[in-house]
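The values are calculated or read from the model by the stated rules, or taken from the named source; none is laboratory data. None of the values given here were measured: they were computed from a predicted structure. No Cβ is skipped: glycine too gets one built from the backbone with ideal geometry, and neighbour counts run over all protein chains shown. Side chains are part of the model used for accessible areas, which takes the heavy atoms of the whole protein and leaves out ligands, DNA and RNA. Shrake-Rupley method; radii C 1.70, N 1.55, O 1.52, S 1.80 Å.
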Amino acid sequence: MAVRGPLLKDELDIVIPTIRDLAFLEQWRPYLSPYHLIIVQDGDPTKKITVPEGYDYELYNRNDINRILGPKASCISFKDSACRCFGFMMSKKKYIFTIDDDCWVAKDPSGHEINALEQHITNLLSPSTPFFFNTLYDPYRAGADFVRGYPFSLREGVPTAISHGLWLNVPDYDAPTQLVKPAEKNTRFVDAVMTIPKGSLFPMCGMNLAFDREMIGPAMYFGLMGDGQPIGRYDDMWAGWCCKVICDHLGMGVKTGLPYIHHSKASNPFVNLKKEYKGIFWQEEIIPFFQQVKLPKEAVTVEQCYIELSKQVGEKLNSIDPYFTKLSEAMVTWIEAWTEINAAHKKGAEAVSNGTVSK
């Protein structure tokens with residue numbers, strides 16, 4: 001019997017934002033070492049980041065971002081994990097798995113280690129069912145199927161653009177919840193994957209996330225957060241709201257649930273509160289905005305949808321704060337940079353294919 005190699009080994013990059021040495025990768029070695037890593041170093045670009053031996057990786061710091069993007073580097077956040085989206089841009093692969101450096105391999109209730117990446121790949125390679133909820137959750141998992149009353153015309157499903165994983169141990173709470181539940185741990189393992197229904201938003205967490213870069217990558221922009229911005233810790237949620245609206249419009253699916261990782265570190269709730277303070281108020285207006293967004297039928301690509309969304313952000317959210325005008329402009333800059341970088345990737349790939357450069 002042939003031994004199965006790593007799934008999608010040559011079609012997937014792992015993106016990690018960090019400010020520290022990546023010793024956590026030692027525990028992930030059995031699962032992640034066959035894949036290519038893109039590391040985005042935040043903070044001081046002169047600090048040396050150590051990566052365990054045996055990993056194939058490229059590392060970018062702020063100086064690299066400024067050199068590669070020039071004036072368009074303004075759209076990449078500084079001193080915030082939102083910088084990870086630069087890694088999404090630099091990837092040449094079809095799929096992305098992004099994980100934080102305080103996430104460890106989790107164990108299921110039977111004590112077996114969870115290969116989070118393999119489960120993400122399984123999610124992405126199976127269809128989603130956003131138009132009609134299946135009460136057995138994901139009907140494509142082994143041992144499940146569509147229940148009685150599920151329309152046969154919808155059972156083919158739609159392509160899955162995003163796989164959103166969860167966390168054991170330290171929950172992904174906001175600062176007020178952290179403050180009132182400082183010792184709370186998530187020990188509840190739910191063996192389920194579900195498609196988030198069309199029309200429903202969700203709070204996307206970027207610490208354990210995979211997506212089809214070719215399908216939804218241009219919308220996976222984590223916004224302007226961190227240094228010099230009035231808000232932080234909303235970067236992944238902003239990307240999630242934008243992506244979900246576009247997935248709904250274009251007929252793509254988002255799955256959430258398995259896989260779990262073990263989140264090892266709780267950030268300081270008082271520091272978090274300072275970063276989140278405005279967002280806690282703003283989200284009460286931002287979420288209704290996304291719930292009511294309408295994208296034109298003429299917008300048939302992710303890029304077209306995102307540019308249209310940026311216009312509506314600038315027009316309808318600037319009354320909350322001038323920051324949203326700046327964010328709207330950054331969204332356009334992001335798409336421009338994404339288009340330029342990916343055109344360069346494509347040109348380079350074609351040159352290799354035609355034999356005009358050495359492989």
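Quick notes on this structure:
- When His345 is tested against (1) out of contact with any Lys or Arg (no Cβ under 9 Å at 6 or more places or on another chain); (2) closer than 19 Å to Gly87 by Cα; (3) in contact (Cβ under 8 Å) with a residue 40 or more places away in the chain, exactly one condition is not met: (1).
- Selection count, segment 242-254, where residues are open to solvent by 10 Å² or more (accessible area, probe 1.4 Å), of a type outside the set (A, V, I, L, M) and part of a helix (DSSP H, G or I): 2
- Figure legend. Inter-residue proximity from segment 291-315: first residues more than 24 Å from Asn342 (Cβ to Cβ), second residues among the polar types (S, T, N, Q) and exposed (fewer than 12 other Cβ atoms within 10 Å of the Cβ), beta-carbon distance below 8 Å, spacing 6+ or different chains. No pairs are indicated.
- Test for Lys294: is it closer than 26 Å to Ser163 by Cα and surrounded by fewer than 16 Cβ atoms within 10 Å (Cβ to Cβ): yes
- The single condition among (1) without any contact (Cβ under 8 Å) to a residue 60 or more places away in the chain; (2) within 29 Å of Gly279 (Cα to Cα) that Leu201 does not meet is (1).
Results for (1) under 18 Å from Cys75 (Cβ atoms); (2) part of a loop (DSSP other than H, G, I, E, B), shown as yes or no for each residue.
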position: Gly199; (1), (2): no, yes
position: Met204; (1), (2): no, yes
position: Ala210; (1), (2): no, no
position: Gly217; (1), (2): yes, no
position: Tyr221; (1), (2): yes, yes
position: Gly228; (1), (2): yes, yes
position: Asp236; (1), (2): yes, no
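- Just so you know, in segment 268-288 the residues that are more than 25 Å from Ser163 (Cα to Cα) and aliphatic (A, V, I, L, M) include one that is nearest to the chain's Cα centre (by Cα), and it is Ile280.
- Residues that are open to solvent by less than 10 Å² (accessible area, probe 1.4 Å) and assigned to a strand (DSSP E or B) within segment 103-112 comprise just one, Cys103.
- Considering segment 1-102, the qualifying strands (runs of 3 or more DSSP E), each wholly inside and each with 3 or more residues that are surrounded by 22 or more Cβ atoms within 10 Å (Cβ to Cβ) and within 20 Å of the chain's Cα centre (by Cα), run over 12-18, 36-41, 95-99.
- Subset of segment 264-282 [charged (D, E, K, R) and surrounded by 14 or more Cβ atoms within 10 Å (Cβ to Cβ)]: Lys275, Glu276, Lys278
- Within this structure, Ala183 passes the test of being free of Cβ contacts under 8 Å to residues at least 24 places away in the same chain and surrounded by fewer than 24 Cβ atoms within 10 Å (Cβ to Cβ).
- Members of segment 136-153 that are under 29 Å from Phe97 (Cβ atoms) and either of a type in the set (Gly, Ala, Ser) or in a helix (DSSP H, G or I) (or both): Ala142, Gly143, Ala144
- Any hit, segment 255-267, residues being more than 14 Å from the chain's Cα centre (by Cα), basic (Lys, Arg), outside any strand (DSSP E or B) and at pLDDT 95 or above: no
- Filtering Phe146, Phe131 for residues that are in contact (Cβ under 8 Å) with a residue 60 or more places away in the chain and either within 24 Å of Gly251 (Cβ to Cβ) or basic (Lys, Arg) (or both) leaves a single hit, Phe131.
- Selection status of Gly157, at positive phi and open to solvent by 50 Å² or more (accessible area, probe 1.4 Å): no
- The residues of segment 113-135 that are in a loop (DSSP other than H, G, I, E, B) and under 21 Å from Met207 (Cα atoms), listed by number, are Ile114, Asn115.
- Verdict on Pro197 being crowded, with 19+ Cβ neighbours inside 10 Å and over 30 Å from Gly111 (Cβ atoms): no
- Restricting segment 328-353 to residues that are β-branched (Val, Ile, Thr) and under 20 Å from Ser77 (Cβ atoms), the residue that is most open to solvent (accessible area, probe 1.4 Å): Thr339
Listed here are the residues, each with its yes/no results for (1) in a helix (DSSP H, G or I); (2) open to solvent by 40 Å² or more (accessible area, probe 1.4 Å).
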| position | (1), (2) |
| --- | --- |
| Glu284 | yes, yes |
| Glu298 | no, yes |
| Cys305 | yes, no |
| Glu308 | yes, yes |
| Ser319 | no, yes |
